Structures are given as structure tokens and as C-alpha cells.
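The structure appears right after this line, and notes come after that.
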């Protein structure tokens with residue numbers, strides 16, 4: 001697996017999303033209250049662009065007439081046909097045992113860590129003060 005810098009933390013504030021392309025794959029990156037999640041930007045149903053979907057919550061009922069709204073902003077609805085997926089895992093709510101959107105591990109790395117990387121090369125002294133969102137593929 002390799003790691004790729006896709007954005008600075010500032011580029012994707014809480015509640016926002018960004019579409020990035022890594023090694024030819026479009027990945028929708030979501031920031032849920034400071035946690036980053038990456039999903040393949042293609043709905044498994046008919047290929048709808050997941051990055052354009054609506055973020056909503058989960059409505060649950062323990063008995064008739066009693067409803068609770070939870071997980072606000074964590075459920076992604078495909079813009080084409082409304083299929084719903086968990087942003088944190090990519091799991092479908094239509095058929096959880098068979099359908100999911102591929103998810104990618106995301107992390108936030110300090111600027112100095114990103115600059116150092118696993119490679120050695122002749123460099124000039126640089127100061128990095130940003131944090132970066134990194135996807136692992």
C-alpha cells in the first residue's frame with residue numbers, strides 16, 4: 001500500500017468534502033467533525049457520483065409512532081437513485097451483506113512527517129506548518 005497527500009486539513013473543513021484523483025481513481029473525501037473518510041466516487045448501483053450525494057442522518061424506530069434521528073451527516077445518499085451508504089465504512093443500507101462502496105483509510109499527518117517521507121534525496125531546509133489529509137491505497 002502507498003500513501004498519497006490529497007489536501008491540507010484547511011481545504012476540507014468539518015462538514016465539507018473534496019473530490020480527488022489518486023492513481024486514476026476518483027475518491028470522495030469527507031470531513032465528519034475532524035475525522036476524514038474516503039469513498040470511491042462511484043455508486044455500485046449504476047455508477048452515480050458519490051461526491052455529489054446528500055449527507056443525511058439515520059431514522060430509526062423502536063416501535064410504531066416513535067422515531068429517532070441519529071448519525072446526522074454520516075449517511076451518504078447517491079444523487080442518482082437515493083441508495084444510502086455509511087460514510088464511515090462504505091456499507092450499504094439497501095443490502096448490507098452484499099453491497100458497499102469501497103472505502104479508503106485516511107489519516108492526518110503533520111507537515112514535517114510528510115516532508116521527510118520514506119525517501120532520501122538532496123533537499124534544502126524547509127519549514128512546514130500545515131497538516132495534510134493522506135489516503136492509503
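Selection over segment 93-110 of residues that are more than 17 Å from residue 75 (Cα to Cα) and touching a helix residue (DSSP H, G or I) at 6+ places or on another chain (Cβ under 7 Å) gives a count of 1.
Among residues of segment 60-80 being over 17 Å from the mean Cα position of the chain (by Cα) and under 24 Å from residue 16 (Cβ atoms), the one that is surrounded by the most Cβ atoms within 10 Å (Cβ to Cβ) is 80. Of all residues being exposed (fewer than 15 other Cβ atoms within 10 Å of the Cβ) and modelled with pLDDT of 90 or more in segment 47-59, which is nearest to residue 88 (Cα to Cα)? Just the residue, please. This residue is 57. Applying the criterion of at least 1 residues that are under 20 Å from residue 81 (Cβ atoms) and in contact (Cβ under 8 Å) with a residue 60 or more places away in the chain to the strands (runs of 3 or more DSSP E) found wholly in segment 16-55 leaves 35-40.
Taken over segment 28-43, residues that are surrounded by fewer than 20 Cβ atoms within 10 Å (Cβ to Cβ) and over 11 Å from the mean Cα position of the chain (by Cα) amount to 3.
The values are calculated or read from the model by the stated rules, or taken from the named source; none is laboratory data. In this text, all values refer to a predicted model and were calculated from it rather than measured experimentally. Counting neighbours? That spans all protein chains shown, and the Cβs are built from the backbone with ideal geometry, glycine included.
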